[in-house]
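The values are calculated or read from the model by the stated rules, or taken from the named source; none is laboratory data. Only a predicted model underlies this, so the values are computations on that prediction, with no experimental measurement involved. Because the Cβ atoms are built from the backbone with ideal geometry, glycine has one as well, and the counts that use them run over all protein chains shown.
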Amino acid sequence: MRKETISVAVYSAHGNPADVLRIEPQPWPQPEPDEVVVAMQAAPINPADLNAIEGKYPGKREVPAVPGFEGSGIISEVGKNISNGSVGSLVILPHDIGTWREACAVNASDLVVVPPEIDPVQAAMLKINPLTAWRLLHGYVKLQTGDCIIQNAANSAAGRAVIQIAHALGYKTVNVVRREELIEELRSEGGDVVLLDDENLRNAVKDAIGGAAIRLGLNAVGGESALRLMNCLAPGGTLVSFGAMSLQPLKIPTGLLIFKDLRFRGIWINKWYDNATPAERMAAFNPIFDMAKRRLLLTRVEKSYPLSEAKAAVEHAARAQRSGKITFDLAH
């Protein structure tokens, strides 16, 4: 519903999100001829969002800035060059718009229309972690039904998306975690093997999968954890890094390059998205949407906050050992 003003989360300096974030009123957005107005429904708080506010994320936004790399909304108004038939469509927002606001004007060609069967809160979380998971499983090693992959940080949002997508596609996952209480939890979500990230990992993997070759490893931690994944890979295997939770660099022994011929790649999903054609984007989104509609792909939410409680929300999101995402409810 159209309002005279909207609430917008803004930061004017980089720093601790709870300290620098504020909520301010702004006029209801007016669309240019090729734009639409999107009434926001939901937006998650991802680690990248907090890092961006802190000034620790690549491509610093000029301040003042509106945070939020992903979110969903409903088209409520259209510019004069856009068909009225799009009003009411559920859409995913581009990652450079700043989604922590009640409404925004955005170029219609930058939006991704989401099937109406998908819950708006789930739609808000499909672009970063599930899309990353899809690309990790499709962009580097040609996998076949029954193949094994190994990943650390398996309890992260991206790790859980990998588990769910791999399960739906018939791939087996070896999932590495730091806390024992996560083992049964991830098994119940479809993780085939769940092991502790310790010095015994290589032997534990052999015991769990026998002689199966692991040609793809997914690293979101770095440091010693990444090295342990490397030691589990088959000759010619590939390790793809997409995070560095330990803040430690990769340690790549020369022997793994010479004698095992391992390959090392990396992905930043925002860069992939910017470089992909619309057809390439939809080739990834369409199966993700299908899995989400069938509830084969779901992101857990621990708590949802109104935008007015942004400080409490970002403090909650920064805590370790959460059971799910922290989101903003922007529809009320």
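Please go through region 56-91 and pick out each residue that is touching a residue at least 60 places away in the same chain (Cβ under 8 Å) and among the hydroxyl-bearing types (Ser, Thr, Tyr).
The answer is SER76, and nothing else.
Could you go through region 266-276 and let me know if any residue there is at pLDDT 95 or above and over 18 Å from the mean Cα position of the chain (by Cα).
no
Name the one entry in ALA226, ALA166, ALA161 that is farther than 24 Å from LYS127 by Cβ and at pLDDT 95 or above.
ALA226
Take region 286-313 and flag every residue that is among the hydrophobic types (A, V, I, L, M, F, W, C) and under 17 Å from the mean Cα position of the chain (by Cα).
Correct list: ILE288, PHE289, MET291, ALA292, LEU296, LEU297, LEU298, VAL301.
Of everything in region 274-288 that's among the charged types (D, E, K, R) and surrounded by fewer than 15 Cβ atoms within 10 Å (Cβ to Cβ), which residue is farthest from GLY236 (Cα to Cα)?
Taking the candidates together, the pick is ASP274.
Residue by residue through region 112-125, note down the ones that are out of contact with any helix residue (DSSP H, G or I) (no Cβ under 7 Å at 6 or more places or on another chain) and not in a loop (DSSP other than H, G, I, E, B).
Scanning region 112-125 gives VAL113, PRO120, VAL121, ALA123.
Keeping to region 316-328, report how many residues are exposed (fewer than 14 other Cβ atoms within 10 Å of the Cβ) and either modelled with pLDDT of 95 or more or among the polar types (S, T, N, Q) (or both).
Within region 316-328, residues that are exposed (fewer than 14 other Cβ atoms within 10 Å of the Cβ) and either modelled with pLDDT of 95 or more or among the polar types (S, T, N, Q) (or both) number 2.
Tell me, yes or no, whether region 266-273 has at least one residue that is surrounded by 12 or more Cβ atoms within 10 Å (Cβ to Cβ) and of a type in the set (S, T, N, Q).
Checking region 266-273: at least one residue is surrounded by 12 or more Cβ atoms within 10 Å (Cβ to Cβ) and of a type in the set (S, T, N, Q).
Between residues in region 18-34 that are within 17 Å of GLU54 (Cα to Cα) and exposed (fewer than 15 other Cβ atoms within 10 Å of the Cβ) and residues that are hydroxyl-bearing (Ser, Thr, Tyr) and at pLDDT below 95, which pairs lie under 8 Å by C-beta distance while being six or more apart or on different chains?
Going by the 8 Å Cβ cut-off, there are no qualifying pairs.
Select from region 172-203 the residues that are outside any helix (DSSP H, G or I) and of a type in the set (S, T, N, Q) and write down the one among them that is farthest from the chain's Cα centre (by Cα).
My answer is ASN200.
For region 142-164, give me each residue that is hydrophobic (A, V, I, L, M, F, W, C) and in a loop (DSSP other than H, G, I, E, B).
The answer is LEU143, ALA153, ALA154.
For residues in region 24-50 being out of contact with any helix residue (DSSP H, G or I) (no Cβ under 6 Å at 6 or more places or on another chain) and among the β-branched types (Val, Ile, Thr), which is nearest to ALA312 (Cα to Cα)?
VAL38
Would you be able to say whether some residue in region 91-107 is assigned to a helix (DSSP H, G or I), polar (S, T, N, Q) and either out of contact with any Lys or Arg (no Cβ under 9 Å at 6 or more places or on another chain) or surrounded by 16 or more Cβ atoms within 10 Å (Cβ to Cβ) (or both)?
Checked against the condition, which is being assigned to a helix (DSSP H, G or I), polar (S, T, N, Q) and either out of contact with any Lys or Arg (no Cβ under 9 Å at 6 or more places or on another chain) or surrounded by 16 or more Cβ atoms within 10 Å (Cβ to Cβ) (or both), region 91-107 yields no hits at all.
If we keep just the residues of region 126-141 that are part of a loop (DSSP other than H, G, I, E, B) and closer than 18 Å to ASP274 by Cα, which is nearest to the chain's Cα centre (by Cα)?
Across region 126-141, the extreme among qualifying residues is ILE128.
Return only the number of the condition from (1) under 15 Å from the mean Cα position of the chain (by Cα); (2) under 19 Å from ALA212 (Cα atoms) that ALA161 does not satisfy.
(2)
Identify all residues within region 82-127 that are polar (S, T, N, Q) and touching a strand residue (DSSP E or B) at 6+ places or on another chain (Cβ under 9 Å); write none if there are none.
ASN84, SER86, SER89, THR99, ASN107, GLN122
Which members of region 14-52 meet the condition of being of a type in the set (Asp, Glu) and not in a loop (DSSP other than H, G, I, E, B)?
ASP19, GLU24, GLU35, ASP49
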